[in-house]
Amino acid sequence: MTKYRIDGAEVNSISDLYEQFNRELMADADWIMGQSLDALNDVLYGVDGAIRDGNPATFVWNDHAHSRETLGFDETQRWMLDKLARPGTFDDRRIKSELDDLRGGVGKTYFELILEVFADHPLIELQLH
């Protein structure tokens, strides 16, 4: 079994989270994962393949409450505004709608989006501590 560890106490930004994902998931690769939910999803498909080959995988996310807080409203809003600052690069209309939802209290935070990515990979066990 492969265990990956995320130290939530060290996650103070989206960038910090991806540093940990890269440390855990990309140690044997000659490239690093970009700060992208799609990139994380793609890399987790590789983990799914290893599981199907008989190597179960578990992510242990210690102090996830700290991560939930730091990847909450403020960091999510900053991330969305950063995307909107680069017109034509992303689906501006969708991001504006998601930002409105976030500001209205019904949108998803970056932490919640990360959990959704993991939920798309039911073979991977995610333990939140």
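The numbered conditions (1) more than 15 Å from Asp16 (Cα to Cα); (2) loosely packed, with under 14 Cβ neighbours inside 10 Å; (3) touching a helix residue (DSSP H, G or I) at 6+ places or on another chain (Cβ under 9 Å) are all true for Phe73 except (2). Can you tell me which residue within segment 49-65, out of those that are surrounded by fewer than 16 Cβ atoms within 10 Å (Cβ to Cβ), of a type outside the set (A, V, I, L, M) and assigned to a helix (DSSP H, G or I), is nearest to the chain's Cα centre (by Cα)? Only one residue tops the list, namely Gly49. Residues of segment 1-38 that are more than 14 Å from Glu75 (Cβ to Cβ), surrounded by 15 or more Cβ atoms within 10 Å (Cβ to Cβ) and among the aliphatic types (A, V, I, L, M): Ile6, Leu25, Met33. All of (1) in a loop (DSSP other than H, G, I, E, B); (2) closer than 19 Å to Lys83 by Cβ hold for Ile32 with one exception: (2).
Answer yes if at least one residue in segment 7-28 is of a type in the set (Val, Ile, Thr), assigned to a helix (DSSP H, G or I), at pLDDT below 95 and closer than 27 Å to Leu123 by Cα, and no otherwise. No, that holds for no residue.
The values are calculated or read from the model by the stated rules, or taken from the named source; none is laboratory data. Because the structure is predicted, anything quoted here is derived from the model rather than measured. FYI the Cβ positions are ideal-geometry reconstructions off the backbone, even for glycines, and counts take in every protein chain you see.
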